[in-house]
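Step one of this worksheet: look at the structure below.
Taken together, the values in this text are just the output of simple stated rules run on the coordinates, not laboratory data. These figures come from a predicted structure and were not determined experimentally. So basically every Cβ, Gly included, is an ideal-geometry build from the backbone, and we count neighbours across all protein chains shown.
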Amino acid sequence: MRLILLAFFIISSSFSQAQEIDVLHYKFALELNDKDDSINGLAAVTFVKKVSDQKLSLDLVSVNKQGKGMYVYLVTSDAASAVKLSFSQTADKIIISAPQIKKDDTATIYVAYKGIPADGLIISKNKYGDRTFFADNWPNRAHNWIPCNDRPDDKAMFEFRVTAPAHYSVISNGIKNGEKILPDGTKRTVWTENTPLPTKVMAIGVARFATKTFADSPSDIPVSAWVYPQDSTKGFYDYALAPDILKFFSNYIAPYPYKKLANVQSKTIFGGMENASAIFYAENSVTGDRSSEDLLAHEIAHQWFGDMASEKSFAHLWLSEGFATYLTNFYFEKKYGKEAAAERWKEEREQVIAFSKQSSSPVVDSTKNLMSLLNANSYQKGAWVLRMLRNEVGDTTFQKIIQTYYHQYKGSNADSKDFEAVAEKVSGKELTWFFDQWLYQNEIPRLAITYSKTSEGIRMHIKQRQKHPFQFILPVSVESNGKLKKILLRITKETESFLIGQDRDKRIIDLDYNLLFEEIK
């Protein structure tokens, strides 16, 4: 996800560490209309009960004073016999009494509900004035419109059965399993996703679309564009970059994990939202000049990191956003050269420096204000951590770390310590010091660098000015007799001094930005 927000608002974590249920499958039947913004829904939630309590809960926002929210009018434990269960609604939960469901039992509960979504399902008009319906679940906004266990560490298979006026097309995750015009003139479209996913990347998009499947898609992975009809020429041109990006990451990381990739022009509040196999991009991403190539690369990279291998909790968001940011820069490096990538790293370095001066938060941040995590720590600094890890272990070992981490955690969840363990095992190095200083401290190195002439030659003096000394490699280039020689200085103490050249040599601090630091004059 790339953040572009006109308004910044607070969304707090809706889950505790304890998990009442482990959802295995959702089936959502939804009815949409053009008369008003209300929806009718029936959810079948199949789960394993994880606690002994006679009650269990699902996340769902109830009706507020403005009349927005979901009203639950029936909960049953069996579709055939319609055994009613007693329940109550709080502000954001359905509390269900189900003493017959014991710990470790697998059960299905059916929830019938209706209302006007307060958030999560954005019902509005696009820039051309056409009515649209777009899910926008990140981080925990799905329970504004679907009953669910709205947390990133509970992945489930799911199905959307969407009934809407027949002039709309419906896009969602997974594979389309049917489309039928009904006697009342509406159309029912069914999408099924058999790969377990977290609620944050489950989505539907309902609008008038022009669609195109690209001829250069991988043989078994159709890559398509879904754009507003008014933008079809521009949108098909812009989104035609997607097949090559998908192939690039498939070659570097692992085979693409889903059965399709739809790139969708939408009303997401973000620059892009990495819904698995159905990425939603902000409507203004369609320009006709391919200026959003980095956005496409970022969201496609998320299909591996963020969607398939997900963070256990949002405190470890860098495992999604930092990875996607790093991989976008890596894609630009391979396609456009190191100088083009260096410009991106330079800009992102400045963003990290600026953020570090106004925030006391580390990268791994347990704040309950989840939207506040969309910052330079999660994105740019997270990417820099990976860049510096690559410098520490070498290109080949770094790629193996990325691939091993993905294979170990695809289909499940990980935290920063899990990634650290993989990095140590693959590299054969003890790296606790590396991750501790970059992920769990809010500082970056601030270096005072001076030079002196001695009888030995030119010495470089480095003093760390931040509170806690870091260990790192500082690359320095020395020009001697017209040739450039790179020296890698390993810094381990607060103050260090190195002989870097002779009097005739021209010394240059290497500005290819291999280290995240601020130089203090």
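Would you list the P(r) distribution for the stretch 121-205, with all Cα-Cα distances sorted into 5 Å bins from 0 and each bin expressed as a whole %?
Bin by bin from 0 Å, the calculated values are 3, 14, 22, 22, 19, 12, 6, 1, 0.
Can you give the charge dipole size of the stretch 104-180 about its Cα centre, rounded to the nearest 20 debye, using +1 on the beta carbon of Lys and Arg and -1 on the beta carbon of Asp and Glu?
So the dipole magnitude of the stretch 104-180 works out to roughly 500 debye.
List the pairs from 260/381; 49/312; 50/312 whose alpha-carbon separation is above 24 Å, in the order I gave them.
Table pairs above 24 Å Cα-Cα are 260/381.
Going by average Cβ density within 10 Å per residue, which order do the peptides 384-393, 448-457 take, highest to lowest?
With the highest mean Cβ count within 10 Å placed first, the list reads 384-393, 448-457.
Under 16 Å Cα-Cα from residue 334, which lysines qualify once same-chain neighbours fewer than 8 residues away are excluded?
247
Work out how much length residue 468 to residue 54 would gain on full extension: take 0.36 nm times their residue separation and subtract the Cα-Cα distance, in nm to one decimal.
Fully extending the segment from residue 468 to residue 54 adds 144.0 nm.
Pop a pseudo-label 7 angstrom from the Cα along the beta-carbon direction at both residue 287 and residue 335 and give the gap in nm to one decimal.
For residue 287 paired with residue 335, the spin-label model returns 1.4 nm.
Would you kindly derive the ³J(HN,Hα) couplings of the stretch 403-418 from the backbone phi angles with the Karplus curve 6.51 cos²θ - 1.76 cosθ + 1.60 (θ = phi - 60°), listing them in order in whole Hz, with x for Gly and Pro?
For the stretch 403-418, the Karplus-derived couplings read 5, 5, 4, 4, 5, 6, 10, 5, x, 9, 9, 9, 10, 5, 5, 5 Hz, x marking Gly and Pro.
Which whole-number percentage describes the relative contact order of the chain, with Cα contacts under 8 Å and a sequence gap of 6 or more?
On the way: 1178 pairs, mean separation 57.8, N = 521.
Answer for the chain is 11 percent.
I need two numbers for the stretch 365-521: Rg to one decimal and Dmax as a whole number, Cα atoms only, in Å.
Radius of gyration, then largest Cα-Cα span, for the stretch 365-521: 18.2, 61 Å.
Which distance in Å, rounded to a whole number, links the C-alpha centroids of the stretch 46-96 and the stretch 453-497?
Between the Cα centre of the stretch 46-96 and that of the stretch 453-497, the gap is 62 Å.
May I ask for the percentage of alpha-carbon pairs in the stretch 32-154 that lie more than 20 Å from each other?
46
What is the mean projected area of the alpha carbon convex hull for the stretch 269-390, to one decimal in square nanometres?
If you wrap the Cα atoms of the stretch 269-390 in a convex hull and average its projections, you get 8.1 nm².
Could you give P(r) for the chain, binned at 20 Å from zero, as whole percent values over all Cα-Cα pairs?
Computed distribution, short to long bins: 21, 50, 23, 5, 0.
Helix-derived [θ] at 222 nm for the chain: sum -39500 (n - 2.57) over DSSP H runs of at least 4, divide by residue count, nearest 500?
-7000 deg cm²/dmol
Taking the Cα centre of the chain as origin, sum charge times position over the Cβ atoms of Lys and Arg (+1) and Asp and Glu (-1), and report the length of that vector in debye to the nearest 20.
260
5 Å is the cut-off here: which amide hydrogens, built 1.01 Å from N in the peptide plane, fall below it relative to residue 187, excluding neighbours closer than 5 in sequence?
164, 166, 182
May I ask you to list the residues of the stretch 348-376 whose amide nitrogen lies under 17 Å from a point 7 Å from Cα along the Cα→beta-carbon direction of residue 436?
Answer for this model: 362-364.
Starting from the amide H of residue 93, placed 1.01 Å from N in the peptide plane, find each other amide H under 5 Å away whose residue is 5 or more places distant or on another chain.
It is 60, 62, by chain and number.
Given H placed on each backbone N at 1.01 Å, which residues far from residue 40 in sequence or on other chains put an amide H within less than 5 Å of it?
Answer set, sorted by chain and number: 31.
Hey, rough spin-label estimate for residue 254 and residue 212, points 7 angstrom out along Cα→Cβ, what's it come to in nanometres?
Using points 7 Å along Cα→Cβ, the separation is 3.3 nm.
Assuming 0.36 nm per residue, please report the length gained on full extension of the stretch residue 360 to residue 498 beyond their Cα-Cα distance.
46.5 nm
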